[in-house]
Structures are given as structure tokens and as C-alpha cells.
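As C-alpha cells, the structure follows; a few thoughts come after it.
The values are calculated or read from the model by the stated rules, or taken from the named source; none is laboratory data. This one's a predicted model, so the numbers in the text were calculated from it and none came from an experiment. Cβ placement follows ideal geometry from the backbone for every residue including glycine, while neighbour counts extend to all protein chains displayed.
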Amino acid sequence: MKEVKSLNDNKTPKDIDNAMLELEKAYLQISENLKMDPKNKQVYERSIAAIQDAKNIIEKMKDHYGVARYYPKEQD
């Protein structure tokens, strides 16, 4: 079994930001591809749905690992 190490608190927020940025870039690229080639709409829609799922997973990971403290939620 692989040993699980604790999170590096200095690196984790940056990694999360980078992952979210890459997902956003992919989303924008797929959106552009959809505009240029609408006949593959189903494929692009599935890709966009997968990106949204990945973003949701990252949000859940932030909550699970307590990384949310680096991203304070706005007060109402």
C-alpha cells in the first residue's frame, strides 16, 4: 500500500488554483470548438459536463482536506 503523506499547505492552494485554471482553459477551448464545429455537439457537451464534474470534485476535495480556509466564502 502506498504511504499517504500530509498535504503541503504551501503548495496545495496553488495546485488547486492551477487545476481550476487548466479546467477553465479546457472549457473555453471546447466552447470554441463547438462554435466552429456544431455537428459534434454531443461530444463537446459531454466534454463540458466532464469539466464541470471535475470542478465539483476539486471543490469537494477542498472541503474534505480543509483547504477552504485558503478560499474564504463570502459572508452574506
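List of remarks:
- Residue list for the stretch 19-39, filter: under 20 Å from the mean Cα position of the chain (by Cα) and farther than 16 Å from Ala50 by Cα: Glu32
- Restricting attention to the stretch 44-69 and to residues that are modelled with pLDDT of 90 or more and hydrophobic (A, V, I, L, M, F, W, C), the residue that is farthest from Glu22 (Cα to Cα) turns out to be Ala49.
- Neighbours by Cβ (under 7 Å, 6+ apart or cross-chain): first from the stretch 37-49, of a type in the set (D, E, K, R); second assigned to a helix (DSSP H, G or I) and surrounded by 13 or more Cβ atoms within 10 Å (Cβ to Cβ): Lys41/Leu34
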